[in-house]
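Notes follow once the structure below has been shown.
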Amino acid sequence: MKKLMNDSEMLSDVRSYDAAKARIERGDDEIIPLEIIERRLAGESTVKIWREYRELTQESLARASFAFFPTTYRKFFDSPVRMHSMFKLESAPVFARGRAAFL
């Protein structure tokens, strides 16, 4: 009986492995390199790690991310006047002491 249970568990493991391998081959999943895991465990920014792994610049990542903003929000980024009215930096906690302190 014990051998039958062990064989059943082995078959389940093999099926799981085959399914994972198939997802990787189809491009539905990927293997995370050890370097990424180590850098993340060391406390580095996840976005920075993946950006560098994908060989993206900050600008190219920003442009790619911008595509996901709904069109209604994108119009606010077209004009500095609109940007100022949308994001009132003076009222943000980080700017509570005034902008001059950060210049």
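So, in nm, how far is label residue 23 from label residue 1 when the simple model puts each one 7 Å beyond its Cα toward the Cβ?
In this crude spin-label approximation the distance works out to 3.4 nm.
Looking at the stretch 1-73, which trypsin sites (Lys or Arg not before Pro) are in a loop (DSSP not H, G, I, E or B) and have at most 13 other Cβ atoms within 10 Å?
54
In the stretch 1-69, what GluC sites (Glu not before Pro) fall in a loop by DSSP, with at most 11 other Cβ atoms inside 10 Å?
Within the stretch 1-69, the qualifying GluC sites (Glu not before Pro) (loop, at most 11 other Cβ atoms within 10 Å) are 30, 55.
Efficiency by 1/(1 + (r/R0)^6): what FRET value for residue 52 and residue 12, r their Cβ-Cβ distance, R0 = 41 Å, to the nearest 0.05?
Computed FRET efficiency for residue 52 and residue 12: 0.65.
Quick note: the coordinates plus some simple rules give every number you see, no bench work behind them. For clarity, every value in this text was computed on a predicted model and none was experimentally measured. Using ideal geometry, Cβ is built from the backbone for each residue, glycine included, and neighbour counts are taken over all protein chains shown.
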